[in-house]
1. What figure, in Å² to the nearest 10, do you get for the accessible area of Asp95 with a 1.4 Å probe and non-protein molecules left out?
2. Provide, for q = 0.27, 0.28 Å⁻¹, the log10 of I(q)/I(0) from a solvent-free Debye sum over equal Cα point scatterers in segment 52-114.
3. Using a 1.4 Å probe on the protein heavy atoms only, what accessible surface does Asp56 show? Give it in Å² to the nearest 10.
4. Could you give the alpha-carbon Rg of segment 2-68 over 2.2 N^0.38 Å, rounded to two decimals?
5. Calculate, for the chain, the solvent-accessible area per residue in square angstrom, rolling a 1.4 angstrom probe over the heavy atoms of the protein chains.
6. Would you mind telling me the share, in percent, of accessible area of the chain contributed by carbon and sulfur at probe 1.4 angstrom?
7. What is the P(r) of the chain, as percent of Cα-Cα pairs per 10 Å bin from 0?
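The values are calculated or read from the model by the stated rules, or taken from the named source; none is laboratory data. Nothing here was measured: the structure is a model prediction, and the numbers come from that model. Surface areas here come from the heavy atoms of the whole protein model, side chains and all, with no ligands, DNA or RNA. Shrake-Rupley method; radii C 1.70, N 1.55, O 1.52, S 1.80 Å.
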Amino acid sequence: MILYRPVGTKELELIRDSGYRKYPPRLPEQPIFYPVLNERYAAEIASQWNVKYNDDHKGYVTKFEIEDAYVAQFEVHTVGAAYHQELWIPAKELDSFNSHIIGLIQVCSEFSAS
């Protein structure tokens, strides 16, 4: 399955530090990791949320493939419009989730306020 993840610059730097192989651990106040099912939704979040709320006013869309059999255990949640679909991965499962990523995490879009 192909998934997308909108991120800010700090998270992207941690992804880069991993060799583009994994997403960083969640912060204590972030109990869920939310990858999304389509690029359109990820771009909305990156361009509207990340650009507005990150210190450097930048947002990025990352794209990655994950093993179908592994990711099938997580329910798809629709959280707005029909295309606002995401998975809710408990933060404690992120190491396992990362180990099922196929290949490298790619940056497919960048947004900024300027």
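1. 120 Å²
2. -1.15, -1.15
3. Probe radius 1.4 Å; accessible area of Asp56 about 70 Å².
4. After normalising by residue count via 2.2 N^0.38 Å, the value is 1.07.
5. Numbers: 6520 Å² over 114 residues.
So the chain comes to 57 Å² accessible per residue, rounded to a whole number.
6. Carbon and sulfur: 51 percent of the exposed surface of the chain.
7. Whole-percent P(r) values from 0 Å outward: 15, 48, 34, 3, 0.
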